[in-house]
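Engineer: This is the structure, below, for whatever I ask next.
The values are calculated or read from the model by the stated rules, or taken from the named source; none is laboratory data. Only a predicted model underlies this, so the values are computations on that prediction, with no experimental measurement involved. A quick note on method: Cβ atoms are made from the backbone with ideal geometry, for glycine too, and the neighbour counts reach across all protein chains shown. Note: accessible area is taken over every heavy atom of the protein model, side chains too, but ligands, DNA and RNA are not part of it. Shrake-Rupley method; radii C 1.70, N 1.55, O 1.52, S 1.80 Å.
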Amino acid sequence: MLPCCRWLQPLIVLLSSALLTWGQNCPASCLCPDPHTVDCSGQGLTRLPVSIPLDVRRLLLSDNWIPKIPSDFLVLYSDLVYLDLRNNSLSCIEPGTLSTSSRLVFLDLGCNNLTEIAAGTFGESRSLIKLRLGNNPYLTTVNENAFLGLTSLRELELERNALSGLQVAALSQLPSLRVVRLEGNPWVCNCNFSNLFAWLRDNSDKLPTGVDGMECSLPVDGRRVALSQLSVDSFRECQLTLTLTDYLIIIFSGISVSVAAILASFFLASTVHCFQRWSKANKSDEEDSDD
């Protein structure tokens, strides 16, 4: 053997061994283009694959039929930074499922069957930078604390869902937010939408197409209008409109005041009555003393 090839032999053996081990650790029906990437896209999976390497960093699971993520699935994958679950059959994400991935930077849950984003869904994934939740046709509710703790989130996609309204608090809790996509939702221009409209006008630079790319339906006749045709004055009547919460607060305050007045009156009457009895008793004692 040529001297120049002798030192190559151990290297070739080492690489062959590494490649063999690498291939053995790759889940069935998946590809592993590098030691830290598992690509199971488009394999018709109806559940998450088994035998995923513990040191995986990029996990690609798009274009399958996966209906659920086990709540403890990500406990062991502490190195995971990129998770793609786009175009599956996910209907819900249990709160806390994703909070164990402290290094997760990219998460794609678009094109699924999600119906609600509950409070605590993402725990406090402080490293998460991009979150895709668009194209979920049954997504009607986003809790105002759904994104609480996502202090590094820069891009949020909520386009083409079934949202008719959204609490401003859900967006104002994202201090690093730079891009938000909200177009393609069936927004309703009622008084509940007025706060979101004001936020959108003040943060139009964060919308890829500005407010020009968004529409809402009028509550009277359902006619769709572009948000660019509306102004703050369009919601002026809402400033004089009391919501159900306002009515409940007024009723509760009235009841509280009434109860307090009754208790005060009872206490005052009892005090006067006791004073009168005490006065009569003192008067009787004085008369007995004079006798």
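Engineer: So the check is Cβ under 9 Å with 6+ separation or different chains; which pairs have a first residue in the range 209-222 that's within 16 Å of LEU158 (Cα to Cα) and a second one that's open to solvent by 90 Å² or more (accessible area, probe 1.4 Å)?
Structural biologist: Listed by first residue and then by second, the contacts come to VAL211/ARG201; GLU215/ARG224; CYS216/ARG224.
Engineer: Note down all Cβ pairs under 6 Å where the first residue falls in the range 78-103 and is at pLDDT 85 or above, the second is surrounded by 21 or more Cβ atoms within 10 Å (Cβ to Cβ) and small (Gly, Ala, Ser), and they're at least six residues apart or on different chains.
Structural biologist: Sorted first by the residue in the range 78-103, then by its partner, the pairs are LEU80/SER101; ARG86/GLY110.
Engineer: Right, next: Which residue is modelled with the highest pLDDT, if the candidates are limited to the range 218-243 and must be surrounded by 14 or more Cβ atoms within 10 Å (Cβ to Cβ) and farther than 21 Å from VAL180 by Cα?
Structural biologist: Once the filter is applied, the top-ranked residue is LEU218.
Engineer: For the range 37-66, which positions are surrounded by fewer than 17 Cβ atoms within 10 Å (Cβ to Cβ) and either among the small types (Gly, Ala, Ser) or in contact with an Asp or Glu (Cβ under 6 Å, 6 or more places away or on another chain) (or both)?
Structural biologist: Listed by number, the residues that qualify are SER41, GLY42, GLY44, SER51, ASP55.
Engineer: Continuing with this model, one more query. Here are some conditions: (1) more than 18 Å from GLU155 (Cβ to Cβ); (2) open to solvent by 50 Å² or more (accessible area, probe 1.4 Å); (3) of a type outside the set (A, V, I, L, M, F, W, C); (4) within 16 Å of the chain's Cα centre (by Cα). THR97 meets all but one. Which one does it not meet?
Structural biologist: (2)
Engineer: Still on this structure, I have one more. Please specify each residue of the range 140-168 satisfying the condition of being open to solvent by 10 Å² or more (accessible area, probe 1.4 Å), aliphatic (A, V, I, L, M) and in a loop (DSSP other than H, G, I, E, B).
Structural biologist: Scanning the range 140-168 gives LEU148, ALA162, LEU166.
Engineer: Please work out which residue is nearest to LEU156 (Cα to Cα), limiting yourself to the range 171-197 and to residues that are open to solvent by 40 Å² or more (accessible area, probe 1.4 Å) and small (Gly, Ala, Ser).
Structural biologist: So, considering only residues that are open to solvent by 40 Å² or more (accessible area, probe 1.4 Å) and small (Gly, Ala, Ser), the one nearest to LEU156 (Cα to Cα) is SER172.
Engineer: How many residues are touching a strand residue (DSSP E or B) at 6+ places or on another chain (Cβ under 9 Å) and part of a helix (DSSP H, G or I) if we restrict to the range 201-233?
Structural biologist: The qualifying residues number 5.
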